[in-house]
Amino acid sequence: MPVYNKLVRDNMLEIIDSKGLTYRARTLEPIEFLTEVKAKMLEEAREFREATTEQEAIEELVDILELVHTAISVLGVSYEELESFRKHKKTERGGFDSGIYLIEVEEQ
C-alpha cells in the first residue's frame with residue numbers, strides 16, 4: 001500500500017471509495033493544518049515549475065490558488081484583506097510584471 005502522508009482535497013476519500021480501494025486517513029489538528037498547507041503549496045509550486053503545457057500550468061495554479069484560500073481561512077484573513085495587503089506591497093515594492101531578473105549587486 002503506497003504511503004502518501006500529505007494533505008489532499010476534500011473529496012479525495014470519496015473518489016478512493018468509489019474505486020473500491022481501502023485507505024487510512026485522519027483529520028489534521030489545527031496546529032498541523034497550516035504546516036501541511038505550506039508543504040502542499042511547495043509541492044504544487046514544484047509541479048507548476050515542471051509543467052510543460054499551458055493546461056498543466058493552469059491546473060497547478062488552480063491548486064495553488066485553492067491552497068491560498070485555505071491558508072488565509074486558517075489564518076483568519078479574508079481574500080479581500082489579502083488583496084489589500086498585496087496591493088499595498090505592490091505599491092511599495094512593485095510587482096513582477098516587468099520580468100526583471102537581478103543578477104548581482106555590488107557591495108559598498
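The values are calculated or read from the model by the stated rules, or taken from the named source; none is laboratory data. This one's a predicted model, so the numbers in the text were calculated from it and none came from an experiment. Please note that ligands, DNA and RNA were not included when accessible areas were found on the heavy atoms of the full protein model with its side chains. Shrake-Rupley method; radii C 1.70, N 1.55, O 1.52, S 1.80 Å.
A 1.4 Å probe over all protein chains sorts GLU106, GLU44, GLU83, GLU54 by accessible area into GLU106, GLU54, GLU83, GLU44, starting with the largest. Under a Gaussian network description of the chain, with springs only between Cα atoms under 10 Å, the residue in ALA71, ALA25, ALA39 that fluctuates furthest is ALA25.
Figure note: LYS87, LYS40, LYS19 ranked by solvent-accessible area, largest first, 1.4 Å probe, ligands and nucleic acids not counted: LYS19, LYS87, LYS40.
Going through [x] 1.27; [y] 1.07; [z] 0.93, the figure that equals Rg/Rh (Cα atoms, Kirkwood Rh) as computed for the structure here is [y]. What part of the accessible area of the chain, given as a whole %, is carbon or sulfur when the probe is 1.4 angstrom? Carbon and sulfur: 54 percent of the exposed surface of the chain. To the nearest 10 Å², what's HIS69's accessible area with a 1.4 Å probe? About 80 Å², rounded to the nearest 10. Within the listed set SER78, SER98, SER18, the Gaussian network model of the chain (springs between alpha-carbon atoms below 10 Å) gives the highest mean-square fluctuation for SER98.
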